[in-house]
Structure formats: structure tokens, C-alpha cells
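Notes for the one structure printed next.
Please treat every number below as a calculation from the coordinates, not as lab data. Source: prediction; values computed, not measured. Cβ atoms come from the backbone with ideal geometry, glycine included; neighbour counts cover every protein chain shown.
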Amino acid sequence: MRVTMDVNGRSVSGEVEGRTLLVDFLREGLHLTGTHVGCDTSQCGACTVHVDGLLVKACTMFAAEAEGAAVTTIEGIAAPDGTLSVVQQAFQDHHGLQCGFCTPGMVMAATALLKDNPKPSEAEIRHHLDGNICRCTGYHNIVKAIMAASGQEMPALAAE
Amino acid sequence: MYAFEIERPTTLQDAVAAIAGGGQALSGGQTLIPTLKARLADPGKLVSLHGVAELKGVCTDDDGRICIGAATTHATVARELAGSYPGLASLAARIGDPAVRNRGTIGGSLANNDPSACYPAGALASGATIVTNTREIAADDYFHGMFATALEEDEIITEVKFPVPRAAAYEKFIQPASRFPLVAVFVAKFDDGVRVAITGASETGVFRWTEAEAALSSDFSAGALDGLRVDPDHMIADLHGDKAYRAHLCAVMTKRAVTAAA
Ligand SMILES: Cc1cc2nc3c(=O)[nH]c(=O)nc-3n(C[C@H](O)[C@H](O)[C@H](O)COP(=O)(O)OP(=O)(O)OC[C@H]3O[C@@H](n4cnc5c(N)ncnc54)[C@H](O)[C@@H]3O)c2cc1C
Ligand code: FES
Ligand code: FES
């Protein structure tokens, strides 16, 4: 079947099967490979994108269900000239990534959080990241980056 | 995944017809899609409820019950019920993670009746009514054990009606890898008595702890539960906890829920 949706501000359409996952449509159909597949079992959040402004795991939604929706992926977060978003810049400044595999999902999750809650507490940030797994950083620098992106002082973290 | 088609009806009537014609309901997909990926289901045709406006949203009926459309997401329930039924809002707000809550729905959760799911405890403790395309089913008659419900083939949940208790709380002892409860307890105090429903613990799925209900109905305090214990015989035993551990958690989490609600 044919699906049409808006991805990062551009109208796109393509042929999909019923079982085609949104993440496969993005990666293989549109070559937007910034959205990663970490687990494919709905656990890790590496595939997180925004669908009509809401955080969604692109590996746990069919492309056909995104018909008519506005999808934002990590490729749509920086400005067209490549200037990083506040959240992306904060991840770089605060070393919020190591291998970077989880980072697209983390940035999408953090961006959605700050839209709803511009000054989250450390606890709120950690709760919001429940569905985003990072195997490298131990999360502290991710939390710091999100605190910084929201213009807040970084707390002294208990485990440091 | 095996191949299948997806239909996207926009009215309940069309959805019911498509399901009667051999389709399986697809609501949030947060349980069904992982099941399809594991090739544990081969539905041939999925019928997405996502575009059916009649199945979405929250309202209050003439009896003061809160009515939640089957395709309403956990995130919407968490937001919309924060003032009217905070105990249930807080249950919805702790299901899975934010992305799961933006897609997963109450109808999907109750239809699936995972023995560790959150909503079955909220629905049973509240004495909710599960409304389908053909009838109304009291929560007490709806849950038939692990992954089993009163739903007939091709019957779909359209709405769930919740009487609002005087006080309520949900206490979830989380299994952090799955983010489901290891054991969780919903306590609801009504004018005519207290209802206690426990999920995650029993091999027969969600259940009411009637001894605790009797004790709490005369004295709504954690102390009223002293000495009461759940029989470990029918508890789930797995690598996360044995029967005795789960039975113990039932009492601990019930006390915590009573303290939180009181
Ligand atoms: C990472 C992760 C963490 C989770 N954590 C929790 C948790 O902590 N607590 C918890 O309770 N759940 C948890 N879940 C499950 C989640 O709540 C699901 O959303 C829910 O169990 C199923 O709802 P759904 O709308 O996604 O249904 P779907 O996956 O679309 O469907 C599930 C089943 O119900 C059927 N169905 C769907 N809608 C209807 C209907 N209206 N009438 C009849 N049948 C219908 C489908 O055919 C299918 O068999 C988690 C899931 C994930 C992926
Ligand atoms: S790849 Fe989607 S949650 Fe891990
Ligand atoms: S930076 Fe490697 S998984 Fe997060």
C-alpha cells in the first residue's frame, strides 16, 4: 500500500507492506539512518522519533499507521545550516555520549521532555528516560546535558 | 513477522465489520507488535483502531463514572484523570516509559490481560465496567486468568467505565528490565467498602485479596493488615522471585497503597 507523511517538514510517500515498521520506512525507504535500531524489542529507545509531536518508538509502530502524520527524526533537529539544537550542543559540551548509538533516541526524548517541561528536575529527567537505554555513559552526563540544555545549574550527582 | 494487511477504518461500525471479517484489532501495538515480531501471531489482517475517533477520549456519565474510550492512550489517561481520579492517573503515568504511554491504550491492555499488567488491577479494584460492541461486563466477571478474558471471538472493547472511589492508590514494585510490575496493588476505598486488586503475583492473573478487603473495610489503615498473608501456593515463581517472595510483596505493597491512599 502507499503511505504519505511529512518527515522533517518534507512530504514523502512510498510503497510499504502492512508489516513495514516506521523505522524501516525511515531508514531503508528514506535513507534517514540516524534513527537507530538497538533492540527491535521495544526496550531500548534508540529508534525514538516524534510522531505528531509525541515521542514514539519507531520500531513499535507500522509505517501505515503514520499515514498523514508529521514525523520528526534526529535529522530534523539541527538547523538546516547544520547548527546543532540546544539539546544537541549540550550533549556535545557535557560529553553526553560515548559510542553515540543511543544518542539519536536520547536527543529526541530530551527534546520532547523540554517542550512539555522546560525546567525538569533531575528525578523527572531520569524518569522520562526510562525507555532510553545507554550502554556507555552511565547516564550522568546525559542528565547533566539535559539540565544544561534547560538552562539549569547542574546538580552534584550522588554517584560522583 | 508474517505478512498481513492493515485496515484503517474511521468508524466503530467499520472496525467491527473488519474484525468480524477475519481481522485482529491493533490498538497501540505496544504488545501486539513485539508478539508479531516474535512470530507468535499470524493474523492475516490487522484492523487499526487508531483512526476511530469514537473510541478515544475521556468523559463522565450521568452516574458520575469516568468513561475512557478503549483506544485512549496511557498518556492521555495520566493527563486527563489527574484531577478527577488521581489514583488511576498515577497508574497510567507509570506504565512502561513515555513512548509506550504515547501509543499503548487501555483497551489493548485489558484485552491482553497480561498477568503483570497495571490496568487489570485498576479496573478490578475500581469495580469498573468493560463495555464492548455487544454488552457490558463487570470487572468481577471479566478477568479469566493469565491472558484470558470474558471477550468472545471478534468482540472488541469500546469503553471502560470507572466509578470514582473516595480514596485510591496504586503501588507498583517494578521489575526494572521489563518495567512491568513484579507485584503491584491497587486499593480503592468506596463508601460501602474497600476493594484490593493485585497484579503480577498470581498464576491465575489479577485477583482480589478479599481478607484484606474485609479488614480494611472496618479499619482503613495499614495496621489493619498486620498478620494477614496471601497464600503462596498459587503465586508465580520465576527468576525474579519465588512464591514466598511474591506473597510477601503482596502484603507489603497493599500496606503501602493503604498508607498512600489514607
Ligand atoms: C517497554 C514496554 C514496557 C511496558 N510496561 C508496561 C507496564 O509497566 N505495565 C503495563 O500494564 N503494561 C506495560 N506494557 C504494555 C503496554 O501497556 C501495552 O500498551 C498494552 O499492554 C497493550 O495495549 P496496546 O494498546 O498497545 O494494545 P495492542 O498491542 O495493540 O493489542 C494487544 C492485544 O489486545 C487486542 N486488542 C487491542 N485493542 C482491543 C480492543 N479495543 N478490544 C479487543 N481487543 C483489543 C489486540 O488484538 C492484541 O491481541 C509495556 C510495553 C512495553 C513495550
Ligand atoms: S530499537 Fe526500538 S526500542 Fe530498541
Ligand atoms: S553512548 Fe553508547 S549507548 Fe549510549
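Residue by residue through segment B:127-139, which ³J(HN,Hα) values in whole Hz follow from phi under the Karplus form 6.51 cos²θ - 1.76 cosθ + 1.60 (θ = phi - 60°), with glycine and proline marked x?
With the stated coefficients, segment B:127-139 comes to x, 5, 10, 8, 9, 10, 5, 10, 6, 10, 10, 5, 3 Hz.
List the cysteines in chain A whose Cβ has no other cysteine Cβ under 4.7 Å from it.
A:CYS99, A:CYS136
Grab the alpha carbons of segment B:1-50, take their convex hull, and tell me the volume per residue in Å³.
That works out to 58 Å³ per residue.
Once you treat every alpha carbon in segment B:138-262 as an equal point and sum by Debye, what is log10 I(q)/I(0) at q = 0.09 Å⁻¹?
The Cα Debye sum returns log10 ratios of -0.26.
In whole Å, what are the extents of segment B:147-194 along the principal axes defined by its C-alpha atoms, from largest to smallest?
Principal axes ranked by extent give 37, 35, 15 Å for the Cα atoms.
Take the Cα atoms of segment B:1-94, find their three principal axes, and give me the spread along each one in whole Å, biggest first.
44, 29, 17
Run the dipole for segment A:31-160 about the Cα centre, Lys and Arg Cβ at +1, Asp and Glu Cβ at -1, nothing else charged, and hand back the magnitude in debye, nearest 20.
The calculated dipole for segment A:31-160 is roughly 220 debye.
Could you list which residues have their amide H under 5 Å from that of B:VAL164, counting only those 5 or more apart in sequence or on another chain, with H placed in the peptide plane?
Long-range HN contacts for B:VAL164: B:ILE66.
Project the alpha carbons of segment A:86-149 onto their principal axes and report the range along each, largest first, in whole Å.
Principal-axis extents of the Cα atoms in segment A:86-149, largest first: 28, 22, 17 Å.
By counting other Cβ atoms within 10 Å of each Cβ, how are B:LYS255, B:LYS172, B:LYS243, A:LYS115 ranked from fewest to most?
A:LYS115, B:LYS243, B:LYS255, B:LYS172
In whole angstrom, note down how far apart the Cα centers of segment B:117-160 and segment A:50-80 are.
32 Å
Apply the a/c threshold of 1.5 to the C-alpha gyration tensor of segment A:16-65 and tell me whether it is rounded, prolate or oblate.
Because its axes are fairly even, with a/c under 1.5, segment A:16-65 counts as rounded.
Roughly how far apart, in whole Å, are the Cα centres of segment B:28-51 and segment B:189-226?
Cα centroid of segment B:28-51 versus Cα centroid of segment B:189-226: 35 Å apart.
Over the Cα atoms of segment B:78-132, what radius of gyration and what Dmax do you get, in Å?
Cα only, segment B:78-132: 10.9, 29 Å (Rg, Dmax).
If amide hydrogens are placed 1.01 Å from N in the peptide plane, which non-local residues have theirs closer than 5 Å to the one on B:LEU46?
Result for B:LEU46 returns B:GLU5, B:ILE6, B:GLU7, B:GLN24.
Rounded to the nearest 20 debye, what is the charge dipole size of the protein assembly as shown about its Cα centre when +1 sits on each Lys and Arg Cβ and -1 on each Asp and Glu Cβ?
Here the protein assembly as shown has a charge dipole of around 900 debye.
Please figure out what share of the DSSP beta bridges in chain B is antiparallel and state it in percent, rounded to the nearest 5.
85 percent
Can you tell me the order of A:84-96, A:20-32, A:53-65 when each peptide is scored by its average per-residue count of other Cβ atoms within 10 angstrom, highest first?
Taking the mean over residues of other Cβ atoms within 10 Å, the ranking is A:53-65, A:20-32, A:84-96.
May I ask for the distance between the Cα centers of segment A:98-121 and segment B:60-108, given as a whole number of Å?
24 Å
Could you list log10 I(q)/I(0) for segment A:21-160 at q = 0.15, 0.17 Å⁻¹, which the Debye formula gives when each Cα is one point scatterer?
Per q value, in the given order, log10 I(q)/I(0) is -0.69, -0.89.
Checking a compactness column here: for chain B, what do you get for Rg(Cα) / (2.2 N^0.38 Å), N being the number of residues?
0.99
Which ³J(HN,Hα) values, rounded to whole Hz and listed in residue order, are derived for segment B:37-50 from phi using the Karplus coefficients 6.51, -1.76 and 1.60 in 6.51 cos²θ - 1.76 cosθ + 1.60 with θ = phi - 60°, glycine and proline given as x?
4, 7, 6, 8, 9, 9, x, x, 9, 10, 10, 6, 8, 4
Provide the per-residue ³J(HN,Hα) series for segment A:84-97, in order, calculated from phi with Karplus coefficients 6.51, -1.76, 1.60 and θ = phi - 60°, each as a whole number of Hz, with x at glycine and proline positions.
5, 5, 4, 5, 4, 4, 5, 4, 5, 4, 9, 6, x, 8
Which cross-chain or sequence-distant (5 or more) residues have an amide H under 5 Å from the amide H of B:THR132, H modelled 1.01 Å from N in plane?
B:ILE137, B:THR158
Please list the radius of gyration and Dmax for the protein assembly as shown, considering alpha-carbon atoms only, with Å as the unit.
When restricted to the Cα atoms of the protein assembly as shown, Rg and Dmax are 22.0, 68 Å.
Over chain B, with a Gaussian network built from C-alpha contacts below 10 Å, which listed residue (B:ILE68, B:ILE19, B:ILE157) shows the highest mean-square fluctuation?
Comparing B:ILE68, B:ILE19, B:ILE157 in the GNM, the peak value goes to B:ILE19.
Got a sec? Charge dipole of segment B:1-50, +1 on Cβ for Lys and Arg, -1 for Asp and Glu; which of B:PRO34, B:ILE6, B:ILE19 is way out at the positive end?
B:PRO34
Rounded to two decimals, what is the ratio between the C-alpha radius of gyration of segment B:42-182 and 2.2 N^0.38 Å?
For segment B:42-182, the normalised Cα radius of gyration comes out at 0.99.
For segment B:85-152, which trypsin sites (Lys or Arg not before Pro) pass both filters: DSSP loop (anything but H, G, I, E, B) and at most 13 other C-beta atoms within 10 Å?
Counting only loop positions with at most 13 other Cβ atoms within 10 Å, the trypsin sites (Lys or Arg not before Pro) in segment B:85-152 are B:ARG135.
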